[in-house]
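**Student:** I'd like to ask some things about the structure below.
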Amino acid sequence: MENADVFLGLHDFLERMRQPSASDFVKSIKSFIVSFSNNAPDPERDSAAVQNFFAQMEVDFRVHPLWAGCSEEELDSAGEGLEKYVMTKLFTRVFASLPDDVKLDNILHEKMALVQQFIRPENLDINPPFQNETSWLLAQKELQKINMYKAPRDKLVCILNCCKVINNLLLNASVASNENPPGADEFLPVLIYVTLKANPPQLHSNLLYIQRYRRQSRLVAEAAYFFTNMLSVESFISNIDAKALSMDETEFEKNMEFARALLSGLSTDVDSQPNQGGQPLNANKEPTAPLKSSEVPSLSDLEDKGAALLVNDKQSSQVFRQYPYLFAHVGDLTVNDVEDLLNNYKQLVFKYVCLSKGLGVSAPSLPLKSSQTQDHQHAETAKQQDHTRAVEPNDEPSKDTDRKDDGSNTESLFEVESLESKLSQDEAAAVQDSKHEESSQSQLS
């Protein structure tokens, strides 16, 4: 693990800028931000100006007494701090600054929202041994954090962590199934699927932002590889069609129309009711604009509509074929079914809660039986005891520095061990760090 005293990032950078000998740097940074902000947006010119400023400042750092005797790691950290500070200040000026970028963001977001309603791993030729939708939720979670941050590096970290989760899952799956180690042919389809399901807003603008304002000297090696893959994902989704999903053209159009109806909350008539494949019959309607958030139907309305359609569907039994345990009895189940059932349950709960949150309603929770309550309490007690034993007094507590907005995140951020246990802490950490950053930046403000 890298030395935390070396990689102080933005905090260290701001501390050095408070020194009297840094007054020239402070003036240069303020002057650049003011002059830059006064110009009309021009992405190519803006990118070149920022990159040249960073390069010159890093050269000046090397010969300045403030960094005399510093290691390459400390100098690199100073450059990261500079990038984070400047781009946080310029964010509203350069991010999605052109109407065309905003338009492409909306088109891409809407297309992903539609396709995610019906796409399956098989549509992207993802082999069954590598399919793990429940675990892919972790990768989706990482990608969805991209809009929580303003610094190019922090946004890039979200992409890298997403890719790392996928890569590790594929590697573990290949070992478990005695498959060949996964390559680009296995990785890219999963990344496409995860991105479609995550549907992060302003994906196009985020990628352009990283491409334009992340220091080019640092967008190399593994970071460059995964980022290039994400650019390929954007291109694929932008041009996605029936052929790209190994789907018949008519079926693809029916799926898209059904997704539009579902997202807009429009009631379907007889012609647009699902056929035996669960898809609408009428694919010739004009696309309908999504309803405003205030017009979005409630979760119960959607459930009632779906139930009514199911009751009237003469081939409804076909719909349940993908749920093999629905009509099973206790005696039919074996120990080998437990893992599959648990994964199905987790995925169902996650999707249901997400849908409830998205519609602004509370998802009902089932009360535990008395025996289950006791078991739950015993499990919690055991978990606390295990945690107490696991952290000895002399152990150095691990720190989640993946998303620290003080700029101290380093290449070790891309490690994803214990990622699942850290997910619930990230949002709170981001809020705390942003408050800390605002107070630390008072010197340069």
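The values are calculated or read from the model by the stated rules, or taken from the named source; none is laboratory data. Note that this is a predicted model, so its numbers are computed, not measured. Heads up, the Cβs are rebuilt from the backbone with ideal geometry, glycines too, and the neighbour counts pull from every protein chain shown.
**Student:** Name, by its number, the condition in (1) closer than 24 Å to Glu234 by Cα; (2) outside the structural domain of Ala184 (by TED's automatic domain parsing); (3) under 23 Å from the mean Cα position of the chain (by Cα) that does not hold for Ser47.
**Tutor:** Failed condition: (3).
**Student:** Right, here's the next one. Among the residues of segment 194-222, how many are assigned to a loop (DSSP other than H, G, I, E, B), of a type outside the set (Lys, Arg) and buried (at least 19 other Cβ atoms within 10 Å of the Cβ)?
**Tutor:** Here is the first cut: in segment 194-222, the ones assigned to a loop (DSSP other than H, G, I, E, B) are 199-202, 214-220.
Then drop every residue that is not of a type outside the set (Lys, Arg), which leaves 199-202, 216-217, 219-220.
Retained after the next criterion (residues that are buried (at least 19 other Cβ atoms within 10 Å of the Cβ)): 199-200, 202.
Residues flagged as assigned to a loop (DSSP other than H, G, I, E, B), of a type outside the set (Lys, Arg) and buried (at least 19 other Cβ atoms within 10 Å of the Cβ) within segment 194-222 amount to 3.
Listed here are the residues, each with its yes/no results for (1) of a type in the set (Val, Ile, Thr); (2) touching a residue at least 40 places away in the same chain (Cβ under 8 Å); (3) more than 20 Å from Ala96 (Cα to Cα).
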site	(1), (2), (3)
Ser177	no, yes, yes
Pro189	no, yes, yes
Tyr193	no, yes, yes
Val220	yes, no, yes
Phe227	no, yes, no
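**Student:** Does at least one position in segment 19-27 carry a residue that is buried (at least 16 other Cβ atoms within 10 Å of the Cβ), at pLDDT 90 or above and more than 11 Å from Val86 (Cα to Cα)? Please lay out each step first, then the result.
**Tutor:** The first filter runs over segment 19-27 and keeps only residues buried (at least 16 other Cβ atoms within 10 Å of the Cβ), leaving 22, 25.
Narrowing the set further to residues that are at pLDDT 90 or above leaves 25.
Retained after the next criterion (residues that are more than 11 Å from Val86 (Cα to Cα)): 25.
Yes: segment 19-27 contains one or more residues that are buried (at least 16 other Cβ atoms within 10 Å of the Cβ), at pLDDT 90 or above and more than 11 Å from Val86 (Cα to Cα).
**Student:** Might you let me know whether segment 147-163 holds any residue that is over 22 Å from Lys89 (Cα atoms) and touching a His at 6+ places or on another chain (Cβ under 9 Å)?
**Tutor:** no
**Student:** In this structure, does Leu191 turn out to be assigned to a helix (DSSP H, G or I), crowded, with 21+ Cβ neighbours inside 10 Å, modelled with pLDDT of 95 or more and not basic (Lys, Arg)? Quick ask: steps written out before the conclusion?
**Tutor:** Working: assigned to a helix (DSSP H, G or I): yes; crowded, with 21+ Cβ neighbours inside 10 Å: yes; modelled with pLDDT of 95 or more: yes; not basic (Lys, Arg): yes.
Yes.
**Student:** A further question on this structure: Look at Ile192 and say whether it is hydrophobic (A, V, I, L, M, F, W, C) and over 19 Å from Lys111 (Cα atoms). Walk me through it before giving the result.
**Tutor:** Numbers: hydrophobic (A, V, I, L, M, F, W, C): yes; over 19 Å from Lys111 (Cα atoms): no.
Spelling it out, it is not the case that Ile192 is hydrophobic (A, V, I, L, M, F, W, C) and over 19 Å from Lys111 (Cα atoms).
**Student:** For segment 157-174, check the following and say yes or no: at least one residue is modelled with pLDDT of 90 or more, buried (at least 19 other Cβ atoms within 10 Å of the Cβ), outside any helix (DSSP H, G or I) and more than 10 Å from the chain's Cα centre (by Cα).
**Tutor:** No: segment 157-174 contains no residue that is modelled with pLDDT of 90 or more, buried (at least 19 other Cβ atoms within 10 Å of the Cβ), outside any helix (DSSP H, G or I) and more than 10 Å from the chain's Cα centre (by Cα).
**Student:** Pull out all pairs, ordered by first then second residue, where Cβ-Cβ is under 7 Å, the residues are six or more apart or on different chains, the first lies in segment 130-145 and is among the acidic types (Asp, Glu), and the second is at pLDDT below 90.
**Tutor:** Filtered contacts from segment 130-145: Glu133/Gln347.
**Student:** Sticking with this structure for a sec: Pick from Leu170, Leu160: which is farther than 18 Å from Pro128 by Cβ and touching a residue at least 12 places away in the same chain (Cβ under 8 Å)? Before the answer, list the steps.
**Tutor:** On the way: Leu170 fails: farther than 18 Å from Pro128 by Cβ.
Criteria check complete, one pass: Leu160.
**Student:** Scan segment 50-74 for residues that are surrounded by fewer than 12 Cβ atoms within 10 Å (Cβ to Cβ), assigned to a helix (DSSP H, G or I) and either free of Cβ contacts under 8 Å to residues at least 40 places away in the same chain or assigned by TED's automatic domain parsing to the domain that holds Leu219 (or both) and jot them down.
**Tutor:** Kept after step one, since they are surrounded by fewer than 12 Cβ atoms within 10 Å (Cβ to Cβ), are these residues of segment 50-74: 52, 59, 63, 65, 68-69, 71-72.
Add one more test, that the residue is assigned to a helix (DSSP H, G or I), and what stays is 52, 59, 63, 65, 72.
Listed by number, the residues that qualify are Asn52, Val59, Val63, Glu72.
**Student:** Considering only segment 82-89, I want to know if a residue exists there that is outside the structural domain of Asn39 (by TED's automatic domain parsing), of a type in the set (A, V, I, L, M) and part of a helix (DSSP H, G or I). Quick ask: steps written out before the conclusion?
**Tutor:** Of the residues in segment 82-89, the ones outside the structural domain of Asn39 (by TED's automatic domain parsing) are none.
Within segment 82-89, not a single residue is outside the structural domain of Asn39 (by TED's automatic domain parsing), of a type in the set (A, V, I, L, M) and part of a helix (DSSP H, G or I).
**Student:** State whether one or more residues within segment 108-122 are of a type in the set (S, T, N, Q), at pLDDT below 90 and more than 30 Å from Ala78 (Cα to Cα). Give the steps one after another, and end with the answer.
**Tutor:** Initial filter on segment 108-122 (of a type in the set (S, T, N, Q)): 116-117.
Still in the running and at pLDDT below 90: none.
No, the conditions are met nowhere in segment 108-122.
**Student:** Something else: Scanning segment 88-146 for residues that are small (Gly, Ala, Ser) and within 23 Å of Phe226 (Cα to Cα), which turns out surrounded by the fewest Cβ atoms within 10 Å (Cβ to Cβ)? Write out each step before concluding.
**Tutor:** Kept after step one, since they are small (Gly, Ala, Ser), are these residues of segment 88-146: 96-97, 113, 135, 139.
From what's left, within 23 Å of Phe226 (Cα to Cα): 96, 135, 139.
Values: Ala96: 20, Ser135: 18, Ala139: 28.
Going through the qualifying residues, I end up with Ser135.
**Student:** Could you please tell me which pairs satisfy a Cβ distance under 8 Å, a separation of 6+ or placement on different chains, a first residue in segment 100-120 that is in a loop (DSSP other than H, G, I, E, B), and a second residue that is aromatic (Phe, Trp, Tyr)?
**Tutor:** From segment 100-120, the pairs are Gln117/Phe258; Phe118/Phe258; Ile119/Tyr193.
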